[in-house]
1. I need the full set of residues from the range A:301-319 which are among the aromatic types (Phe, Trp, Tyr) and surrounded by 17 or more Cβ atoms within 10 Å (Cβ to Cβ), in order please.
2. Of all residues in the range B:38-56, which are more than 7 Å from every other protein chain (Cβ to nearest Cβ) and open to solvent by less than 20 Å² (accessible area, probe 1.4 Å)?
3. Kindly indicate whether any position in the range A:221-238 is under 30 Å from A:Ile373 (Cβ atoms), within 14 Å of chain B (Cβ to nearest Cβ), among the β-branched types (Val, Ile, Thr) and surrounded by 24 or more Cβ atoms within 10 Å (Cβ to Cβ).
4. Do we find a residue being within 12 Å of the ligand (Cβ to nearest atom) and either in contact with a strand residue (DSSP E or B) (Cβ under 8 Å, 6 or more places away or on another chain) or over 30 Å from B:Val20 (Cα atoms) (or both) anywhere in the range B:152-162?
5. Working carefully through the options A:Ala170, A:Ala107, A:Ala180, A:Ala112, find the one that is open to solvent by less than 30 Å² (accessible area, probe 1.4 Å) and assigned to a helix (DSSP H, G or I).
6. Return the residues of the range B:89-106 that are within 14 Å of chain A (Cβ to nearest Cβ) and either open to solvent by 20 Å² or more (accessible area, probe 1.4 Å) or within 16 Å of the ligand (Cβ to nearest atom) (or both); say none if nothing qualifies.
7. Could you check A:Tyr117 against (1) crowded, with 19+ Cβ neighbours inside 10 Å; (2) among the hydroxyl-bearing types (Ser, Thr, Tyr); (3) more than 19 Å from A:Ser268 (Cα to Cα) and say which number it fails?
8. Does the range A:70-82 hold any residues that are open to solvent by 50 Å² or more (accessible area, probe 1.4 Å) and either at pLDDT 85 or above or within 26 Å of the chain's Cα centre (by Cα) (or both), and which are they?
Amino acid sequence: MAFVSDLFVNSWNWIAVQLARFLPPWAAELVMMFAGVVVLIAFLLFMVMLLTLLERKVVARIADRIGPNRVGPFGILQPLADTLKLIIKENTEPAQADHWVFRLAPAVAVTAALMPYAVIPLGRGMVGTDINVGVLYVVSISSLTVIAILMAGWGGCNKYSLLGGMRAVAQMFSFEVPLALCLASVVLLTGSLSLVSITEAQRELWLVLVQPVGFLLYLLCGIAEANRSPFDIPEAESELVAGYHTEYSGVRFAFFFMAEYINMFTVSAMATIMFLGGWRGPFVDQLPVLSVVYFLLKVHFLVFLMFWFRATFPRLRIDQLLSLSWKVLLPIALANLMLTALADKVAHRAGLSRMASAGLLLGSNLVLAGVAIATLYLVYERRRAPSLSRRYEIHWH
Amino acid sequence: MTDDERIAEELKRNIFLTTVDRIYDWCRRGSMWPISFGLACCAFEMICAAAARFDLARFGMEAVRATPRQADLMIVAGTVTHKMAPQVLRLYRQMAEPKYVIAMGACAISGGTFRSYSVLQGVDKIIPVDVYVPGCPPRPEALLHGIIKLQEKIERQSVRTVPWYRKA
Ligand code: SF4
């Protein structure tokens, strides 16, 4: 029972002990390190497959359709068929392509997508390495994706892919700023950059309860960062064919596909860790194996939100997108950071209890939300086109 | 080697190949991604086939690709004019192997009602067609039937005989 209660960690330690019996210590450690990498990658590949199927099912249900149900029972083998087909498919390469860049780009994209998982805790005691600048590491790695996309856009020697690549750069850089600011206010409250201790700090109170504005901002920026609809202008098919991966087919396209879904998972995982208490949940201390379940449940809830967004909202234009980032999200994120710092300081100075300071933080956050919404309303109400009845001076009696 | 052994050997090789064939055909049949492509009125029936009532997604086909590089199936839905024909041919050539073509509607099959100087008399004059779906326009059910026929055709293919592994 004790073994099962922390199944994953215990079996991991058991394997390590067995290895140490007939291998020198450094070799055992090396083998375990590689095993960790392999397990993580396999887990992520499985997640990608699951997410593609879930996305197609969820979007189909929202559109009042059924979704894949012919390949395997209830269509669960659909991702497998897709993967195999993409592997079989011919690898086309334009004659004028920048061959090295063209071939390297998918690998860079997947590598950049996989790297954050070195520091993300997937459950209690289940983390690659707990480095003390985890948040900084994840944020900086996520900007590597931009380079992969730019390489793909350049390498294909296709004007649409180049345009898509350029757009992706503009978009990802502008959304990275408010995203990092949202994370900064969390770091301010928990006093740590390590993802493990940020999870620990939310033992009593999830940060979403004191930082609702920060959470919403992070979610918006994260969706834009992962190039998901409604912010998927780098691959908008109505204007850009398929954006930066226009010239890719077969396995190389599959790599980009994989990178996109892993990025989506990363964004949700980060939101879970920073705002939703990571793997924390009821009875986790008695039964640590539950921590993985809680973590995956929360992540999948956020992923489901993304699917829902995709099925609901139309795509934005590039100028709307950039002005959303620079004119709306960035000021709110900045104000949020300053207000959080102020409220935290006041709470410390006044020596408030934990609950009272949380209340103060929440209150200041809600005030910020109110002010932001009121300002937006005033600014955009003035710009709105007059209603039909006013424009044509029609009086309804 | 006795005859029996030789037969057993031969059998083993064949059985192995049939399993490869089955997987090879199964995955291509299960995930045919069409290229988004509509030329005339028939396109609306195709769109209708993808929407709620008929739902192409059941066959794993709602992943409509905008770029020919990632598509497996071209549904020529509508009238191919002489002006459009070069573009159709070009898109077909840009598609990566294995690729299939469905000619949907009387126009794509034979020019339909348009016996005119400006309309190509059947898309099979320029690209090879796998399945013809007659009608003006064919109902979504007919298109689905054509897709199922294409899947049956794919199921009969074998790695050893498919044209795209041969030297040109
Ligand atoms: S077959 Fe009939 S419905 Fe289809 S494109 Fe031709 S005229 Fe239009």
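1. Going through the range A:301-319, the residues among the aromatic types (Phe, Trp, Tyr) turn out to be A:301, A:304, A:307-309, A:313.
Passing the criteria: only A:Phe307.
2. From the range B:38-56, those more than 7 Å from every other protein chain (Cβ to nearest Cβ) are B:38-51, B:53-54, B:56; that's our starting set.
Across the range B:38-56, the qualifying residues are B:Cys42, B:Ala43, B:Ala49, B:Leu56.
3. Among the residues of the range A:221-238, at least one is under 30 Å from A:Ile373 (Cβ atoms), within 14 Å of chain B (Cβ to nearest Cβ), among the β-branched types (Val, Ile, Thr) and surrounded by 24 or more Cβ atoms within 10 Å (Cβ to Cβ), which makes the answer yes.
4. Let us first name the residues in the range B:152-162 that are within 12 Å of the ligand (Cβ to nearest atom), namely none.
No, every residue in the range B:152-162 fails to be within 12 Å of the ligand (Cβ to nearest atom) and either in contact with a strand residue (DSSP E or B) (Cβ under 8 Å, 6 or more places away or on another chain) or over 30 Å from B:Val20 (Cα atoms) (or both).
5. On the way: A:Ala170 fails: open to solvent by less than 30 Å² (accessible area, probe 1.4 Å); A:Ala107 fails: open to solvent by less than 30 Å² (accessible area, probe 1.4 Å); A:Ala180 fails: open to solvent by less than 30 Å² (accessible area, probe 1.4 Å).
Every option except A:Ala112 fails the conditions.
6. First, the residues of the range B:89-106 that are within 14 Å of chain A (Cβ to nearest Cβ): B:90-100.
B:Arg90, B:Leu91, B:Tyr92, B:Arg93, B:Gln94, B:Glu97, B:Lys99, listed by residue number.
7. Only one criterion is unmet by A:Tyr117, namely (3).
8. First pass over the range A:70-82, keeping only residues open to solvent by 50 Å² or more (accessible area, probe 1.4 Å): A:70, A:73-74, A:76-77, A:80.
Matches in the range A:70-82: A:Ile76, A:Leu77, A:Leu80.
The values are calculated or read from the model by the stated rules, or taken from the named source; none is laboratory data. These figures come from a predicted structure and were not determined experimentally. We place every Cβ from the backbone using ideal geometry, glycine too, and count neighbours over all the protein chains shown. Just the protein is used for accessible areas: all its heavy atoms, side chains included, with ligands, DNA and RNA removed. Shrake-Rupley method; radii C 1.70, N 1.55, O 1.52, S 1.80 Å.
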